[in-house]
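See structure below.
The values are calculated or read from the model by the stated rules, or taken from the named source; none is laboratory data. The structure displayed is predicted, hence computed values, not measured ones. Cβ atoms come from the backbone with ideal geometry, glycine included; neighbour counts cover every protein chain shown. The area values use the complete protein model at the heavy-atom level, side chains included, leaving out ligands, DNA and RNA. Shrake-Rupley method; radii C 1.70, N 1.55, O 1.52, S 1.80 Å.
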Amino acid sequence: MTAVYWAAYVMLGGGALLTLVRLARGPSLLDRVVATDVLLVIISAGLAVYAALARDPTVVPVLVVVSLLAFVGSVSVARYIGGMLMSSAGDGQDVGLPEAAEEQAARAAEGEQR
Amino acid sequence: MSEVDTVRDLIAVVLLLAGAFLCLTAGLGLVRFHDVLTRMHAGTKPQVLGILLIMIGGAIRLEGWSATWMLLLVAVFQMLTAPVSAHMISRVAYRRRHVRRDLLLVDELRTGEAADRLYRGDEPADAPPEEPARALLESRRDEGTLPPA
């Protein structure tokens, strides 16, 4: 039984650690969203494994909360990143990020100097 | 703390270990793969199959209807929400070009105008537009820092 405990928790912990590596390194925000999603799933899997191995049903309601949280978090961050795109032209293709006014002014001044 | 004594417990423990192994593969895939879509492919393994296996194992081990219903609720909720969030994340990833288009075999969203023509300023470093030099020139012309050709 102890071997089963060790195997399950080592695999879950290794998966969570590798996910944290991607969360820290991930080049874009979306990589981090995916990593957070997977991390929350691994956390809920760990809670469920604990509940099953120790026959302790008190942590089961926490699973519902964690899975809700994972969904709401990833969808809201994805919506937020999608809102950073300018209104799309044509068949849903974006035309780029909105530019800050100072940046546009600096570009215009640069153009006049040339 | 109870021991594994019956066949039922053995099945539950095997299911739990399989689910934990899927979580480990998700971590490995997240670290080893190279763009958002392939990382999502790796990350969805424990989101659906792993959670299902672990919930079945937990329901076998916990032996109570209230816990079983709640575990079933979690599993159904995961299967309902995983496609939604995956769809939203991958749509934004494609539009913001966090996708290695040179590695795609089929790209059905791509049309003539949708080709990677311009620098938009938020590309990942390993996925520049096709023909980077011409793209840079055209981007400059579009924003007016260079006279049109």
Among (1) of a type in the set (A, V, I, L, M); (2) open to solvent by 20 Å² or more (accessible area, probe 1.4 Å); (3) free of Cβ contacts under 8 Å to residues at least 60 places away in the same chain, B:L103 falls short only on (3)
#### Entry: Verdict on A:V38 being under 25 Å from A:V72 (Cβ atoms), open to solvent by 20 Å² or more (accessible area, probe 1.4 Å), within 7 Å of another protein chain (Cβ to nearest Cβ) and at pLDDT 90 or above
no
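Residues are listed down the side, and each one gets a yes or a no for (1) among the hydrophobic types (A, V, I, L, M, F, W, C); (2) at pLDDT below 90; (3) out of contact with any helix residue (DSSP H, G or I) (no Cβ under 8 Å at 6 or more places or on another chain); (4) surrounded by 18 or more Cβ atoms within 10 Å (Cβ to Cβ):
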position: A:S44; (1), (2), (3), (4): no, no, no, yes
position: A:A51; (1), (2), (3), (4): yes, no, no, yes
position: A:S74; (1), (2), (3), (4): no, yes, no, yes
position: A:V77; (1), (2), (3), (4): yes, yes, no, yes
position: A:I81; (1), (2), (3), (4): yes, yes, no, yes
position: A:M84; (1), (2), (3), (4): yes, yes, yes, no
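So which residues in the stretch A:53-65 are surrounded by 19 or more Cβ atoms within 10 Å (Cβ to Cβ) and closer than 22 Å to B:L22 by Cα?
Matches in the stretch A:53-65: A:L53, A:V60, A:L63.
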Scanning the stretch B:34-69 for residues that are at the interface with another protein chain (Cβ under 8 Å from one of its Cβ atoms), crowded, with 20+ Cβ neighbours inside 10 Å and farther than 16 Å from B:G19 by Cα gives B:V36, B:R39, B:M40, B:L62, B:A67
For the stretch A:1-28, pairs from a residue that is more than 8 Å from chain B (Cβ to nearest Cβ) to a residue that is of a type outside the set (A, V, I, L, M, F, W, C) and part of a helix (DSSP H, G or I), with Cβ under 6 Å and 6 or more apart or across chains, are A:L23/A:R32; A:G26/A:R32
Any residue in the stretch B:75-82 that is more than 19 Å from A:S74 (Cβ to Cβ), at pLDDT 80 or above, at the interface with chain A (Cβ under 7 Å from one of its Cβ atoms) and surrounded by 22 or more Cβ atoms within 10 Å (Cβ to Cβ)? no
Taking first residues from the stretch A:65-82 that are within 7 Å of another protein chain (Cβ to nearest Cβ) and under 14 Å from B:Q47 (Cα atoms) and second residues anywhere that are of a type outside the set (S, T, Y) and surrounded by 13 or more Cβ atoms within 10 Å (Cβ to Cβ), the pairs with Cβ under 6 Å that are 6 or more apart or on different chains are A:S67/B:V74; A:S67/B:F77; A:S67/B:Q78; A:S74/A:V33; A:S74/A:D37
